[in-house]
Amino acid sequence: MTESLLVIDNLEVEYPVKGFRRKPFRALKGVSLDIKPGECVGLVGESGSGKTTLGRAVLGLAPVTGGSITFKGAEIGHLKRRARRALSEEIQVVFQDPYSSLNPSLTIEQSLTEPLRVTKVSSPDASRRVRMLLDQVGLPSNAADRLPREFSGGQRQRIAIARALALSPQLIVCDEPVSALDLSTQARVLDLFKDIQEATGVAYLFVSHDLAVVRHLSHRVAVMYHGEIVEYGEGDKVTSDPEHPYTQRLLLAAPVPDPIRQEQRRADRSRLIEAQKEIDLQASVH
Amino acid sequence: MTESALNLSPDPASEQRAVGSHLARRMLRNATGLASMIVLGLIVLAAILAPLLTQTDPALADVRSILQPSSAAHPLGTDSAGRDVLARLLHGTRYSIAGALLGTTVAAMIGVIGGLLAGYYQKGFESVSSWLVSAIMALPGIVVLLAARAVLGPSLWMAMAVFGVLLAPAFYRLTYTAVVNVRHELFVDAARVSGVGDLSIIGRHILSVVRAPIIIQFAFVMGIAIAIQAGLDFLGLGDQSVPTWGNMLNDAFARMYKSPVLIVWPSLAVALTSTALALFANALRDELERSGKTKKRRRLAGAAAAAPVLAGEEAVVHAELGEDTRADLLTVDSLVVGYDQPDGILKQVVNGVSLRVKRGEVHGLIGESGSGKTQTAWSILRLLPDGGRIVAGTVNFDGKDLAHLSDKEMQKVRGRRISYIPQEPMSNLDPSFTVGSQLAEPMRLALGISAAEAKKRALELLARVGIPNPERTYAAYPHEVSGGMAQRVLIAGAVSCEPDLVIADEPTTALDVTVQAEILDLLRGLQKELGVSILIVTHNFGVVADLCDRVSVMRSGLIVETGPARSIFADPRHPYTQDLFAAILEDGAARGQLDHSADRHTATQGVTP
Amino acid sequence: MIRFTIRRLVSGVILLFVISSVAFLLLNLGAGNVGRRILGPQGTADTVALKNEQLGLNEPVLTRYFEWLRGAVTGDFGASWFTNQPVDQAISSRLAVTLAIVIGATLVSGFLATVLGVWAARRRGWADKLVQVIAVLGFAIPGFLIAIFLVNVFALNLHWFKPTGYVQMGTSFTGWLSSVTLPIAALSIGAIAAIVQQVRGSVIDALRQDWVRTLRSRGLSENRIVFKHVLRNAGGPALSVLAVQFIGLLGGAVIVEQIFAIPGLGQISVSATAQGDLPLVMGLVLVMGAIVVIVNLLIDLIQGFLNPKARVS
């Protein structure tokens, strides 16, 4: 077995709630997870499940109040800003919204060189690196001089991926990177993620609400519900034959693109919900 | 569009400047912008060249020549102390402009720096400065200026500096809101993850966004500063020893009966300067807003232009699976929808759509973003946004052509005959009224029933759409209910007046999967119960498979394939439909396990750049 | 609601306390020889010293401040140094005059701005352009210039109104109306300009909201949507501007009262500060501050009514 790249242990995140003596909001209630080098771990959940918060906690953008995040053996959950900056070469991000994740008034080159400038890469080197990155994500090198508004959603997402790759990180947190994209674009961007992983061996923490997307890309899948991980295991198993009642409901709730099989699934779903109700009822009686 | 943007910024490193010069160039082409800049330029020139333009000392009093009319020695005459009006006017420009500039600069410095810090760091900074700001805002400015004069004496510069402090909130609020907005943009998070420091982020990402609004505010505030400064002097509260426009007004007002023309010159100077400043700021704001608009439009255009419009291409029509005796309810024929652009060109978004919905049928209209599916839905309801209109074609609904109905008649069709379920549940309820009142109001008006009757029906409807506590939801405000509940409320609203056709625009897109399944169940149940036709707009094949009898696939404002759902799912014939099906991930193979490939990764890692 | 009101009132009182403290200390720093100013050049060194002694000016600033504060808390604001008239009397007789003008101008400008703003937002095109031009001009040209212009045209040339003077409402209502018409007009134009921009902007914003489309889809008439739903949603931001304008009008009244020779707070503010009449200035600062606090509180309460999200439990 390979040594884990990232280990999250019993992580808690609490957001302060406005108002005097209000109880803080617990977004994560003791979450444990690990990612190996070169692995893609999918994180599925519905809105409010805490999946995005977990991604942000790994990036140092969420207030960690308990537990630990260990990256290559070092604790990174409570780093100060300065120490955190050194990590930028190791952990990067691709966000969901391709429209607000690039500064509209900076050219693509300026956005892409930003991480390079921090690590004091000379500017001709940075320029060369930018063309190489654009090539890697399948964009022409003359894209460098243009503004984000000249690109479509899918192209912007490619640019965001290029920015994440700029420092050759070992882990990229992908926060719903394809959910704002059209069906056909989504498939191409997912393939790009796969190709890059196979070429560079980068690991992904891939956050999504879509079981099918996660299944397509992830080696292992974790399912989140109300700030907790309710199921974590091999991707194929979790996304086709889950054990936890919530995951079962989640799986059957997504309609299949086939009228005949969807009718079947609908029936399965209502049966499942009845059965789970029955169990809940029995549990409350006993 | 790509070309023009590229031409304007040939050198990528000068992009910041390029955006600025772009704006400057547009300001020169804007008539108001150009005129105001010329006037402001002349005023500044007059201020600089005052000693050259007139040789007369503005302070030189001559008791022998008071209140004289225009003459060769005094082109604009003399005032009550026999001083030359032209000389005072020109030199007054210097003091008035310099004073206003001082006040505005003080205000901008304090406000912008305070706003940047408070907005970026929030917490401690924010509460202190916002309290200070509301304290300053609570003071009637002129009273403070008067008090400051009592303390500091009548100095033009002192008064303007104090005034600057009083006006700092104008800049503070602007900067603060802008910073708070930008701070939550993902590109700021991305910069942080890239290890960029705070100062760098403020300078590079935040200042570049707030710069233009600050310039606009500067011009506005400077106009106010000129007015206030003139007002103070006019009241006789300023420094009488310097020639300012306000002092001239003060002198002229006292002699208004004797020599009314005296008041004209300083009034004109003040009015002209402040108007020019306000017009300049206005023009700049207009240009900025316009560039924002083109951005949005481009986004839309980019999506639609992705595939070329294949006009005249025939849609693939699948044969009926059995005999369908149901009558046609809605027949859309060769519908063309376009938006009038400011430059007079019509931008077409729907290029001749034909569509048929039978009574009691659920018809799916599926397509990717920019395909024109929502535009088609809106034009059936005649609810296109500003600038959009039906250019050609007919929308035949139960014997009436909706495309050519008067607004008044169309209003009668909406709600009662055709209703609508929107995409975003939370933004489609008026936040200021209770859920119940929004449900009851259309019923009262459309069905002519009493308020009590409407409430009773609304409660029944809420119960029917599966809301656990109808009474409570009826009295709740939209922000107090969840997205799923809000969508149930909107569905209740759509069926409340017993329509024949419901148009549902992506009704489950904004919802979680488990909620989506419940809403789909609800729609199916209601459809069966009421026998209503549904035209459902969606991008999700799963939703179509779940709900629809028939499907039409749209691309680039045209329908490429249409027919019974089972037939199309079993045998998609148009290449575009086939591509879409190929992109579907459901039922695809899983990625599998990592183990066997792990070694290869570590091996390749060294080779990659 | 009640707790919110109490909390706001308490913070208002604190604000007034802070403002008055700062004002008192500042005014004392620059006071100079008060006795000399009161008695003028005729006063001898002895009488000046005596006067300063009588006014308690030889005491340390802090002692005098607490003295003043103790009075103020019990409702005793002292008497003017120059006229010996009790401060509360001097202010209350003029407060009504100024409030009448300022409230009048607020109502006039609020109403006209709403009508114009809704019109511009709905019609767009030329109506919109026209309203925008009016707004820019009204905003740019200082109120006192407009006042001077109005006096020149309507009083001196057309003789429709008297150029100066004020008639008590009790004496003659029409006389009062005629005496406040020009001042209110002069004050309103700038306020209309500011409010109309906001009304126009928020009505356009509201009309673009998704729920407007949904309301239309339910068969509601356009007038009903605009006047019931849109206006209520646009009302919040417009009211905030109205509150700011009210404070501005309070300041603007100072100049306008001077031009029309109206015996209001503005006039007394100018003379009191010019003379350095500390008790009177302090009284004025307190009254103006209190008005601002009350107006802001009222606006917030109305905001809560208009916007359920902002409503405080």
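Every number in this text was worked out from the coordinates using simple rules, so none of it is lab data. Because the structure is predicted, anything quoted here is derived from the model rather than measured. Cβ coordinates were reconstructed from backbone atoms using ideal geometry, including for glycine residues, and neighbour counts include every protein chain displayed.
At a glance:
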| read-out | value |
| --- | --- |
| Rg(Cα) / (2.2 N^0.38 Å) computed for region C:87-310, rounded to two decimals | 1.15 |
| Calculated SAXS-style log₁₀ I(q)/I(0) at q = 0.12, 0.17 Å⁻¹ - chain A, Debye, Cα scatterers | -0.83, -1.41 |
| Highest-first arrangement of C:243-253, B:484-494, B:152-162, where packing means the average Cβ count within 10 Å | B:484-494, C:243-253, B:152-162 |
| Hydrodynamic radius (Kirkwood) for chain B, which is based on Cα pairs only, to one decimal in Å | 30.4 |
| Charged-residue dipole, Cβ positions (Lys, Arg, Asp, Glu), chain A about Cα centre, Debye nearest 20 | 1140 |
| Summed side-chain charge close to A:GLN136 - residues other than A:GLN136 whose Cβ falls under 14 Å, Lys, Arg +1, Asp, Glu -1 | +2 |
| Estimated inter-spin distance, C:THR74 and C:LEU25, nm [label 7 Å along Cα→Cβ] | 2.6 |
| Loop-resident sites, region A:231-286, for GluC sites (Glu not before Pro), counting at most 12 other Cβ within 10 Å (DSSP) | A:GLU243 |
| Theoretical FRET efficiency, 1/(1+(r/R0)^6), r = Cβ-Cβ of B:LEU28 and C:ILE294, R0 51 Å, to 0.05 | 0.55 |
| Convex hull of region B:386-444 built on C-alpha atoms - directionally averaged projected area, nm² | 5.7 |
| Loop-located trypsin sites (Lys or Arg not before Pro) in region A:1-108 whose Cβ has at most 11 other Cβ within 10 Å (DSSP) | A:LYS18, A:ARG21, A:ARG22, A:LYS80 |
| For chain B, calculated [θ]222 nm from helices alone, where every DSSP H run of n ≥ 4 adds -39500 (n - 2.57) | -18500 deg cm²/dmol |
| Debye, to nearest 20: dipole size of region C:87-310, +1 on Lys, Arg Cβ, -1 on Asp, Glu Cβ | 1160 |
| Distance (nanometres) between label positions extended 7 Å along Cα→Cβ at B:TRP157 and B:SER354 | 8.2 |
| C-alpha long axis of helix B:435-447 to longest principal axis of chain B, angle in ° | 70 |
| Rel. contact order, % - alpha carbon contacts under 8 angstrom, at least six apart, chain C | 26 |
| Local net charge near C:THR47, Cβ-Cβ under 12 Å (Lys/Arg +1, Asp/Glu -1) | 0 |
| FRET efficiency, 1/(1 + (r/R0)^6) with R0 30 Å, evaluated for A:ALA83 and B:TRP131 via beta carbons | 0.30 |
| Kyte-Doolittle mean at least -0.5 and Cα axial length at least 30 Å: DSSP H helices in chain C | C:2-29, C:87-123, C:173-207, C:231-260, C:278-306 |
| Where labels lie 7 Å past Cα in the beta-carbon direction, separation of C:SER92 and B:ALA72 in nm | 6.7 |
| Charge dipole of chain B about the Cα centre (unit charges at C-beta), most positive-ward option of B:LEU42, B:GLY483, B:PRO499 | B:LEU42 |
| Options C:GLY125, C:PHE111, C:THR273, ranked by Cα towards positive dipole end of chain C, top entry (Cβ charges) | C:GLY125 |
| Unit charges on C-beta of K, R, D, E only; dipole of region B:89-270, Debye | 100 |
| Mean ellipticity per residue at 222 nm, deg cm²/dmol - from DSSP H runs of n ≥ 4 across chain A, formula -39500 (n - 2.57) | -13000 deg cm²/dmol |
| Stokes-Einstein D for region B:384-509, Kirkwood Rh over Cα pairs, 37 °C, 0.692 mPa s (µm²/s) | 212 |
| In degrees, nearest ten, helix B:156-183 long axis to first principal axis of chain B (Cα) | 10 |
| Cα gyration tensor shape for the protein assembly as shown, rounded if a/c is under 1.5, else prolate or oblate | prolate |
| Residue exposure sequence - A:VAL285, B:VAL537 - by fewest surrounding Cβ within 10 Å | A:VAL285, B:VAL537 |
| Least to most buried among B:GLU498, A:GLU114, A:GLU176 (fewest other Cβ within 10 Å first) | B:GLU498, A:GLU176, A:GLU114 |
| For the protein assembly as shown, share of DSSP beta bridges that run antiparallel, in % to the nearest 5 | 55 |
| Kirkwood hydrodynamic radius of region B:89-270, from inverse mean 1/r over distinct Cα pairs, in Å | 17.9 |
| Calculated diffusion of region C:2-73, Stokes-Einstein form, Kirkwood radius summed over Cα pairs, 25 °C and 0.890 mPa s, µm²/s | 171 |
| Calculated FRET efficiency for the pair C:ARG224/A:LYS23, C-beta based, R₀ 35 Å, to 0.05 | 0.20 |
| Residues C:VAL226, B:VAL465 arranged by fewest to most Cβ contacts within 10 Å | C:VAL226, B:VAL465 |
| Choice from C:GLY266, C:GLY201, C:GLY71 showing the highest fluctuation, given a GNM over chain C with Cα pairs closer than 10 Å | C:GLY71 |
| Per residue, the convex hull volume that the Cα atoms of region C:61-217 enclose (Å³) | 229 |
| Using alpha-carbon coordinates, inclination of helix B:31-53 to the longest axis of chain B, degrees | 20 |
| Beta bridge orientation in chain A: antiparallel %, DSSP, nearest 5 | 55 |
